[in-house]
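Asker: Quick one: structure below, then a few questions.
Derivation of every value follows stated rules applied to the coordinates shown; laboratory data play no part. Everything numeric in this text was worked out from a predicted model, so none of it was measured. Virtual Cβ from ideal backbone geometry, glycine too; neighbours counted across all protein chains shown.
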There are 2 protein chains.
Amino acid sequence: MEEGLVVIPKATVSRLPLYLQALTEYDHLGITLVSSEEIAQKLGITSSQLRKDLSYFGGLGIRGAGYDVACLLGRIKEILGMQKKRRLAIIGAGKLGTALAGYRGLQQHGLEVKALFEIDKGKIGTAIAGVPVYPLAELHAQTARLGLEIAVLTVPAAAAQKVADLVVEAGFKAIWNFAPIRLEVPENIIVQYEDLVAGVLTLVHHLSRKLG
Amino acid sequence: MEEGLVVIPKATVSRLPLYLQALTEYDHLGITLVSSEEIAQKLGITSSQLRKDLSYFGGLGIRGAGYDVACLLGRIKEILGMQKKRRLAIIGAGKLGTALAGYRGLQQHGLEVKALFEIDKGKIGTAIAGVPVYPLAELHAQTARLGLEIAVLTVPAAAAQKVADLVVEAGFKAIWNFAPIRLEVPENIIVQYEDLVAGVLTLVHHLSRKLG
DNA sequence: TAGATTGTTAATCGATTAACAATC
DNA sequence: TAGATTGTTAATCGATTAACAATC
């Protein structure tokens, strides 16, 4: 079982947050043991798929009984890399940036929003949802000082590439990009795209297929 | 070429918003003709994949030349069902709901935010980003009156299922769900999940795989 | 042991891609 | 015609699922 050689399919990784979601709920309800069939029904997938996904991480279940909720929850958090706290900075203190700064879901998953960066002088020096707002010019200095790792891009599409360049230069390791644009970054930088418009357009497509 | 019988792969549909993004940019830049290779490089996919995807919608390109930007853009908008304007309501006027109410990207894609629904009496009767805030109790009445079709759920996870039930009962046809929970709804209701935590956790996974 | 559910296999299904004939 | 790029084929690759032996 050599860690480095285990190849986890992309499709499996993409479902781990879903499993985390379901297991967290069972945990809160005080349920300590669940079958693959129960979890699968809750999530609208097949139990085969769930068992296959979990099998990549070794035998986590108990034959004849099911899965121990606490145990599985811990293992999934471990696989997702949630043991270690990560420090984020939000670039762009507009509506979306402000909303994310105060979003409790991040804190709950070990993600600490440590700084906001802006060019609007009216906002610089204030605090939004308890997070200090710095001038964009201080990006490099504050990144080192605060140990920032993940940059959340909530700037207009037209500015996104330039800001991405600054973020890379400042030493960030990953970008969570809300701007509806593909970024060009060095290949050692991790980019996660979060295009809200793409999501709702998929919905619109299904809607018009159904209703015309 | 019978419209009703064309089966478009899910993977292809999921990439259409991406193509829309790239083509809109070419259009704004005044570029009228692009090759599959150019678009593919911009988006970080193979040109084969792009041509295969587009082939499901009939011959849209010009052999030896490439694709006419305006023509292709129009066709993709058509396929995504963007000709018709859609009316949305945001349920939950918290930080995220407020941010989405003022998000220009929705308007730009023919999505009109017509109403916000809340239980907080302090917000009811006011307008947020020009959108009137109604009490949740008026959901049914206003849905019919305003011709609302898509409900955007920006309520806490604990309230999401109950609100979803109300939304279905009120006559909405689709739900864009930001609450980190799977919803149980009748099968004629379209649900698009937009789990922000899932997105950032995927990023954290890649980050910890790379850095430990 | 009897009942239940996992972990795994093997078949099936769907998506991606290289290659090239068609054709502008 | 010569050059270029599409649309399509067929091979490859990866993901899903039904079925069942393993085992609690």
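Asker: State the number of residues belonging to the range A:64-76 that are of a type in the set (Gly, Ala, Ser) and either within 14 Å of chain B (Cβ to nearest Cβ) or in contact (Cβ under 8 Å) with a residue 24 or more places away in the chain (or both).
Answerer: Number satisfying all stated conditions: 3.
Asker: Among the residues of the range B:112-125, is there at least one that is closer than 25 Å to B:Leu20 by Cβ, facing chain A (nearest Cβ under 9 Å), without any contact (Cβ under 8 Å) to a residue 60 or more places away in the chain and buried (at least 18 other Cβ atoms within 10 Å of the Cβ)? Spell out how you get there, then give the answer.
Answerer: Step one: list which residues in the range B:112-125 are closer than 25 Å to B:Leu20 by Cβ, which gives B:112-114.
Narrowing further to those that are facing chain A (nearest Cβ under 9 Å): none.
No, the range B:112-125 has no match at all.
Asker: Among the residues of the range A:98-110, is there at least one that is in contact with a Ser or Thr (Cβ under 9 Å, 6 or more places away or on another chain), closer than 27 Å to B:Ser208 by Cα and more than 9 Å from chain B (Cβ to nearest Cβ)?
Answerer: no
Asker: Say we look at the range B:14-47 and pick out the residues that are polar (S, T, N, Q) and either assigned to a loop (DSSP other than H, G, I, E, B) or within 14 Å of another protein chain (Cβ to nearest Cβ) (or both); which of these is nearest to DNA strand C (Cβ to nearest atom)?
Answerer: Looking at the filtered set, the residue picked out is B:Thr46.
Asker: Sticking with this structure for a sec: Quick check on my filter: what residues within the range A:165-212 are in a loop (DSSP other than H, G, I, E, B), buried (at least 18 other Cβ atoms within 10 Å of the Cβ) and more than 20 Å from the chain's Cα centre (by Cα)?
Answerer: Listed by number, the list is empty, since nothing qualifies.
Asker: If B:Val7 satisfies every condition in (1) assigned to a loop (DSSP other than H, G, I, E, B); (2) away from every other protein chain (no Cβ under 14 Å); (3) within 16 Å of DNA strand C (Cβ to nearest atom) but one, which is the exception?
Answerer: That leaves (2) as the condition not met.
Asker: To continue, here is another question. Which members of the range B:168-212 meet the condition of being of a type in the set (D, E, K, R) and over 17 Å from A:Ala22 (Cβ atoms)? Explain how you work it out, then say what you get.
Answerer: Restricting attention to the range B:168-212, the residues satisfying the condition of being of a type in the set (D, E, K, R) are B:169, B:173, B:182, B:184, B:187, B:194-195, B:209-210.
Across the range B:168-212, the qualifying residues are B:Glu169, B:Lys173, B:Glu187, B:Glu194, B:Arg209, B:Lys210.
Asker: Return the total of residues in the range B:77-97 being more than 9 Å from every other protein chain (Cβ to nearest Cβ) and surrounded by fewer than 22 Cβ atoms within 10 Å (Cβ to Cβ).
Answerer: 4
Asker: I've got another one for you. Exactly one of (1) within 10 Å of DNA strand C (Cβ to nearest atom); (2) closer than 30 Å to A:Thr126 by Cα; (3) of a type outside the set (A, V, I, L, M) is unmet by A:Asp53. Its number?
Answerer: Evaluating A:Asp53 over (1) within 10 Å of DNA strand C (Cβ to nearest atom); (2) closer than 30 Å to A:Thr126 by Cα; (3) of a type outside the set (A, V, I, L, M) leaves (2) as the failure.
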